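Contents: one structure, followed by commentary.
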Amino acid sequence: MSERTTQPPETEEATDTGGETEPEPTPTTVTDGATSTVRALENAGIEVMFGVQGGAIMPVYDALWDSDLRHVMMAHEQGAAHAADAYNVVSGQPGVCLATSGPGATNLVTGLADANMDSDAVVALTGQVPQHMVGSDAFQETDTTGITAPITKNNYFASDPDTVGDTVGEAVALASSGRPGPTLVDLPKDVTNGETDREPGMPQTPETYTPQDEADEAAVAEAARAIESAEKPLLLFGGGVVKANASDVAREFAIEYDIPVVTTMPGIGTMPEDHDLCLSWAGMHGTGYANMAINHTDLLIAVGTRFDDRLTGGIETFAPSAEVIHVDIDPAEISKNIHADYPLIGDAGRVVEQLHDAVSEAPDADEWREQCQTWKAEYPMDYAAPDDEPLKPQFVVEALDEATSDEAIVTSGVGQHQMWASQYWTFRDPRKWISSHGLGTMGYGLPAAIGARLAADGDEEVVCIDGDGSFLMTVEELSVAVRENLDITVAILNNEYIGMVRQWQDAFFEGRHMAAGYSWIPEFDKLAEAFGARGWRVDDYDEVADAIEEALAYDGPSVIDFHIDPAENVYPMVPSGGANDKFALSEDQL
Amino acid sequence: MSGGLEGPEPEERPTPEGRRNSQGIRIDPEVEAEPDARRAVLSALVKHEPGVLANISGLFRRRQFNIESLTVGPTTDPDRARITLEIEEPEPGIEQAKKQLQKLVPVIAVTELEASAIRRELALIKVDGSAPDQVGAVAEMYDGKTVDVSQESVTVEITGSEQKIDAAVETFGRFGIHEIVRTGTAALERGTHKTT
Ligand SMILES: Cc1ncc(C[n+]2csc(CCOP(=O)(O)OP(=O)(O)O)c2C)c(N)n1
């Protein structure tokens, strides 16, 4: 193991108040659109925001000078959006990001699209050229509301300093109510500079937005009868269970009625993965037993999932003999991909409670439960790690899991490493697995770790399990982690490939590795040092534990570059569009 | 090379009975059951603000709903506009279109109109001017009227159902059509039925 370190410059203790009590937050005085904007954020209880400066957003930044809101300056706006997104997933509070007009706003796009796919509450505030220049192709002008309309829950073009604060408040309220999602307010410079002394009201959702909390009682009763008489009932918990803070009631329901549980990938942690009833997550790289259960159930009780194709595989063969109960707060998700025999629209937690009350006896499903346990034994998640072969990524993930507390938070990039992280880490609680699911955004992991660190209570470790390719996409955010001295550990599963692509080339393109290999890749431990973080390189099994221990012990950002077996591929695998229970256990089964 | 994963191979695993169609509906595995498309007229009451129409047309483009026609205009309330949309989709697609529309924040209400609803479209048809009398006679046949006459052309205005306008266009074809413009369908429920 080679260890190279550069200590970050000692930060001066100037901020130490010497034991004095913290000063009371001084609310912003509203004098113009910008101060009104900041005031609206204060009213909404926002504490942290992530962003990058620039001409058109400068008035808002200037207003932040007088506010107690914490602003974390990011290296790139994509990082700001991902950090805000992860901040939301970990804390449940809306994540806020700021960018200037033009390139600042367009750099947010990937992060907003990501938040939109994963239903994360992110509020973006973008600067815009003054209104009299809008439409003239002015310097750094883009049609931000036009560009972001398809990837936000709603967006706003502020046109009046008197009402901009209310608009910002509405954007914040809307982002986290009902089915969460990203919102954006475009702020022309004449509006933020425009004088006003009007206090914004408390944040309110628009009157046309009225999500339904409770499901129809008669529909609940019908679904309850179906549960009582099911022979092979199966619960499917999605990300909606996390968003609705419904994990506890959902677990209670499963345990009380003794019904096996699979999760989706965003639903990881809603049921403890070491619980007998939990079959872990289903889908393309889900466990064999979860996928067997999904396709053999006669009653699928799906809560807070949108039946993404990475979960369902081919529609024709998805849970082909199951009736479906679908609980979701968003009516548009009901029967979008999979027809719901029992649609239950409402808040996941509330509807599961309703179901809990309505079911009078547990289904008679002893045989089915046994069958699920048999599948668990038949298709173990396992890997071979012979000493004479290069380091296996699964081993690294398990070693990290072991070395950290149960409270540890894991973020990831996108690729094989993401799959190994979700397969071989045992998650016991929601809001601990922070990843880019619906959009599959490489580069999500590091900025997400920054957002997660700022949202986390303090004691829990934040570990980013990244790929070499994904890490390179947002590596600049390491500068932020160093500057803010954020205690995060980045574990790169370095296969010198954009590995997931290479895996598909092996399987479906006759091994033609077009644009998949890195014939040259930076030494990430040295790169970490150059940024002022600490770095390790690990090549062998016997170096793994020590490097992890040292990295976790270091109070600040650290990067471990694990050089893993470049040929290792992710299994099980449901080929896209295939039947879930026909997952391949190795390449020759594809 | 991946090592370690055990278990029966794909072909050795039991296969459940049953099948879904492309809409995700569980069907008899033996039958062919792809739903037929049908025409639906949707009426949406929306906030009268910039960007709403772009949002709605963007939604339909993104979700690949087949728009047959789209009309928009103000209502008696200056803050509200009404959009009439005709789409042709299989049943689950129509439901989905309604729900996706309803989800847009500036959309106040969405209804699908009854088959009996009043549907009207306006067309201006400009035909060759060599036989103005005959053109006038045909226009009358369709309850239309001549709205412009020049040496070279006659323009008639026809309102009515889409089918009626299709028929009129065909008939006028024999004079030689120079230009044509159609508004797309506007629709309201009959009698005391409220549209939204
Ligand atoms: C922004 C972006 N570009 C491209 C892709 C397509 N893609 C999916 S996985 C993958 C490879 C990821 O490589 P790496 O981060 O090294 O992870 P590995 O699969 O090797 O673990 C690529 C290129 C993507 N998901 N996101």
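We did not get these values from a lab; they are worked out from the coordinates using the rules stated. This is a predicted model, so every value here is computed, not measured. Glycine gets a Cβ as well: all are built from the backbone with ideal geometry, and neighbour counts include every protein chain shown.
At a glance:
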| read-out | value |
| --- | --- |
| Förster radius 35 Å - calculated FRET efficiency between B:Arg174 and B:Ala115 (Cβ-Cβ, nearest 0.05) | 0.60 |
| Overall Cα dimensions of segment A:332-469 - principal axes, largest extent first, Å | 54, 38, 33 |
| Compactness index (Cα Rg / 2.2 N^0.38 Å), segment A:25-118 | 1.05 |
| Neighbour-count ranking [beta-carbon atoms within 10 angstrom, fewest first] of A:Phe139, A:Phe50 | A:Phe139, A:Phe50 |
| Kirkwood Rh in Å, taken over chain B so that all alpha-carbon pairs contribute | 20.5 Å |
| GNM flexibility winner over chain B from B:Glu30, B:Glu91, B:Glu162 (Cα, springs under 10 Å) | B:Glu30 |
| Proxy reagent accessibility, fewest Cβ within 10 Å first, across A:Asp143, A:Asp137 | A:Asp137, A:Asp143 |
| Average other protein chain Cβ within 10 Å of Cβ, residues B:56-69 | 1 |
| Förster-model FRET efficiency, 60 Å R0, B:Arg182 and B:Glu6, C-beta, rounded to 0.05 | 0.35 |
| Taking B:Lys99, B:Lys145 and counting other C-beta atoms within 10 Å, the order from fewest to most | B:Lys145, B:Lys99 |
| Amide proton proximity set for A:Glu323, modelled H, under 5 Å, gap of 5+ | A:Leu299, A:Leu300 |
| Equivalent ellipsoid dimensions for segment A:217-378 as semi-axes, Å, which come from the Cα gyration tensor, largest first | 20, 18, 15 |
| Modelled FRET efficiency - R0 51 Å, A:Glu587 with B:Glu49, Cβ distances, 0.05 increments | 0.40 |
| Eligible aspartates and glutamates near B:Lys194 by straight Cα distance, threshold 16 Å, same-chain separation 8 or greater | B:Asp77, B:Glu112, B:Glu114 |
| In range of the label at B:Glu189: residues from segment B:84-110 whose backbone nitrogen is under 14 Å from the point 7 Å along Cα→Cβ | B:109-110 |
| Alpha-carbon gyration tensor eigenvalues x 5, square-rooted, for segment A:33-193, Å | 21, 17, 14 |
| Simple label model, 7 Å out from Cα along Cβ direction - A:Asn245 to A:Thr426, nm | 2.8 nm |
| Modelled label reach - A:Asp274, point 7 Å along Cα→Cβ, segment A:404-440 residues with backbone N closer than 15 Å | A:404-408, A:424-430 |
| Cα-Cα pairs of segment A:143-251 separated by more than 19 Å (percent) | 62 percent |
| Mean shadow area of the protein assembly as shown over all directions, Cα convex hull, nm² | 40.3 nm² |
| In nm, spacing of pseudo-spin labels at B:Asp166 and A:Gln212 (7 Å Cα→C-beta vector) | 3.6 nm |
| Protection proxy ranking of B:187-193, A:526-532, A:123-129 - average other beta-carbon atoms within 10 Å, highest first | A:123-129, A:526-532, B:187-193 |
| Residue-span extension gain [A:Glu496 to A:Ala377] - 0.36 nm each, minus C-alpha spacing | 39.4 nm |
| Beta bridge orientation in the protein assembly as shown: antiparallel %, DSSP, nearest 5 | 45 percent |
| Burial ranking of peptide ranges A:323-335, A:507-519 (average Cβ count within 10 Å, highest at the top) | A:323-335, A:507-519 |
| Segment A:393-571, Cα convex hull volume normalised per residue, Å³ | 108 Å³ |
| Where labels lie 7 Å past Cα in the beta-carbon direction, separation of A:Asp540 and A:Phe508 in nm | 4.0 nm |
| Hits among lysines - C-alpha to C-alpha of A:Lys336 under 16 Å, sequence gap 8 or more where chains match | B:Lys98, B:Lys99, B:Lys103 |
| For residues of B:98-109, the mean tally of beta carbons on other chains within 10 Å | 4 |
| Number of partner chain Cβ atoms within 10 Å, mean per residue of A:142-148 | 1 |
| Chain B, helix-only ellipticity at 222 nm - DSSP H runs n ≥ 4, -39,500 (n - 2.57), divided by all residues, nearest 500 | -7000 deg cm²/dmol |
| Volume in Å³ per residue [convex hull over Cα atoms, computed for segment A:230-308] | 80 Å³ |
| Extension gain from A:Trp65 to A:Asp137, taking 0.36 nm per residue of separation minus the Cα-Cα distance | 22.9 nm |
| C-alpha center-to-center spacing [segment B:43-78, segment A:61-109] in angstrom | 32 Å |
| Overall dimensions of segment B:118-188 as given by Cα atoms, namely Rg and Dmax in Å | 11.5, 39 |
| Length gained when the stretch A:Glu256-A:Glu47 is fully extended (0.36 nm per residue, less Cα-Cα span) | 71.4 nm |
| Amide H contacts of B:Gly4 (H built 1.01 Å from N, under 5 Å, at least 5 apart or other chain) | A:Ala384 |
| Reachable lysines, given that their alpha-carbon falls under 26 Å from the alpha-carbon of A:Lys376 and they are not under 8 places away in the same chain | A:Lys232, A:Lys392, A:Lys432, A:Lys582 |
